[in-house]
């Protein structure tokens, strides 16, 4: 697990925020605290999927609204919500909207840490997916216009012969371009190539 995978603690209660940071740091987890969702959003551009521990009852932009804002930005956050017993319906709504888990106050430190570890693992997976997507995008950008046209037809399930007829080029030319496409896309099989492309659509 990368050391820079910070747990962002968004909690308006200073004593609670400090206690949470101390708990996380005692577990060897890098953590940063914020008094509000607005402060977090101002300080984090979220180009990488973030990992958060958020009080659902924040003043101003609450935890659920923060989650929605991050999702709308395409940040793909892994969020554990902190809730009071009366907030459980809100927490359930947050989970349905994509939050990983929620813990109720007063919380069991071991249970909270378990949820945070799961959120960090999800964040790592999200970041790996983003990196893989960026790599595929870079490969797609390296294709010539002719290769891009052939790739589109390949992903539609057309054979080399049909592609040759569609583009009015020889079968040998299609095969030549297809070999270049496979090389540029780092694909060993046509199935792998199609999965990669369709995963970006």
Practice problem: Could you tell me whether the range 7-15 includes any residue that is touching a residue at least 60 places away in the same chain (Cβ under 8 Å) and within 18 Å of residue 115 (Cα to Cα)? | Solution: yes
Exercise. State the number of residues belonging to the range 7-32 that are within 24 Å of residue 127 (Cα to Cα), in contact with a helix residue (DSSP H, G or I) (Cβ under 8 Å, 6 or more places away or on another chain) and assigned to a helix (DSSP H, G or I).
Key: 1
Quiz item: Can you tell me how many residues in the range 120-141 are exposed (fewer than 14 other Cβ atoms within 10 Å of the Cβ) and over 30 Å from residue 9 (Cβ atoms)?
Solution: 4
Practice problem: Just need a number here: residues in the range 121-138 that are over 20 Å from residue 50 (Cα atoms) and at pLDDT 90 or above. | Solution: 0
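Matching residues to (1) crowded, with 16+ Cβ neighbours inside 10 Å; (2) in contact with a strand residue (DSSP E or B) (Cβ under 8 Å, 6 or more places away or on another chain):
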residue	(1), (2)
118	no, yes
144	no, no
147	yes, no
151	yes, no
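The values are calculated or read from the model by the stated rules, or taken from the named source; none is laboratory data. Values in this document were obtained by computation on a predicted structure and should not be read as measured data. Note that we place each Cβ from the backbone using ideal geometry, even for glycine, and neighbour counts take in every protein chain shown.
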